[in-house]
Amino acid sequence: MKYFIDFEASQFAEEIISVGCVDELGRSFYSLVRPRRPQKVTGFITNLTGITRDEVLVAPSADDVFEAFYRWLDKDEAIGFYCYGDCDRRFALNTIAGVRCFDAQLSLSLIIATMSDFSADLRRHFKMKRSIGLAKVVSYYRGEEVIQRHNSLDDARYLREVYLRSQNEIIDTCPFEEPPKPEVEVVHTGKRSVKATRGSTEMTFASCGKAAEWIAKNLLKRGITVREKQNISNKISLAIERQKPYSGYTWTKPTPEENT
């Protein structure tokens, strides 16, 4: 059985705060999820998803949600999950770390082990160099503009629709214009510089500290203390060292050529 799944997650901690899933027959599952650190449901996350901190505070725990999810799954045949993009597996990994219920652990483990990023398949299907937004593909198939609200069940349904519509389609010429070259915002370059990348956007900062200030202003939308700035800087450094995304961006050191 194929399942099409999407998560919304808290900021920085990146724990699941909602799960939406649709199977290939059209059955659906949806729930808000109470994260271990509800304070990470920031204003940025609320503006993006519509999910508030008050809502997740009274939502069922990840143990309860994914135990119910395990019961909902059809386990009579092989299970495979499709997501869109490279974030959902990370959200599941961050969430399973705090889960104690055995059935909940089983369902999250199944998701992590069998999850496939359909955006990569779709990029090849449309003969594109870079991935394309899910809402843009849905708009292409429906012939009308679709606005993505970052609701996990809506996005899971969109993904199922795109998967089914694309299966028997033969593409000779890509129907989309290729995304433009990345927009580059250069703050400073040098030995301490760090680069943040997400989609077609790249930003280079003089240091992890400058990057932390940008995160506070543009994502947290508030001032931060010296200690908070240092904590964010440390997390950016760890993201570079471990080659893991942080706050929705991939962090790297610019190449010597980029520093000239």
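The values are calculated or read from the model by the stated rules, or taken from the named source; none is laboratory data. Computed from a predicted model, the values in this text were never measured in an experiment. Glycine gets a Cβ as well: all are built from the backbone with ideal geometry, and neighbour counts include every protein chain shown.
Between a first residue in region 34-53 that is farther than 14 Å from Phe7 by Cβ and a second residue that is basic (Lys, Arg) and modelled with pLDDT of 95 or more, which pairs have beta carbons less than 6 Å apart while being 6 or more apart in sequence or on different chains?
Between residues of region 34-53 that are farther than 14 Å from Phe7 by Cβ and residues that are basic (Lys, Arg) and modelled with pLDDT of 95 or more, the close pairs are Pro38/Arg53.
Out of all the residues in region 216-227, which are within 18 Å of Gly248 (Cβ to Cβ) and either hydrophobic (A, V, I, L, M, F, W, C) or in a helix (DSSP H, G or I) (or both)?
Ala216, Lys217, Asn218, Leu219, Leu220, Ile224
In region 32-50, what residues are surrounded by 22 or more Cβ atoms within 10 Å (Cβ to Cβ) and either of a type outside the set (Val, Ile, Thr) or under 15 Å from the mean Cα position of the chain (by Cα) (or both)?
Pro35, Val41, Ile45
Return the residues of region 235-253 that are in contact (Cβ under 8 Å) with a residue 12 or more places away in the chain and part of a helix (DSSP H, G or I); say none if nothing qualifies.
The answer is Lys235, Ile236, Ser237, Ala239, Ile240.
Out of the residues in region 87-117 meeting the condition of being without any contact (Cβ under 8 Å) to a residue 60 or more places away in the chain and in contact with a strand residue (DSSP E or B) (Cβ under 8 Å, 6 or more places away or on another chain), tell me which one is surrounded by the most Cβ atoms within 10 Å (Cβ to Cβ).
Leu110
Which residue, of Val58, Val65, Val19, Val33, is under 17 Å from Arg149 (Cβ atoms) and either modelled with pLDDT of 95 or more or out of contact with any strand residue (DSSP E or B) (no Cβ under 9 Å at 6 or more places or on another chain) (or both)?
Details: Val58 fails: under 17 Å from Arg149 (Cβ atoms); Val65 fails: under 17 Å from Arg149 (Cβ atoms); Val33 fails: under 17 Å from Arg149 (Cβ atoms).
Criteria check complete, one pass: Val19.
May I ask you to say which residue of Arg242, Arg222 is modelled with pLDDT under 85 and over 20 Å from Phe44 (Cα atoms)?
Arg242
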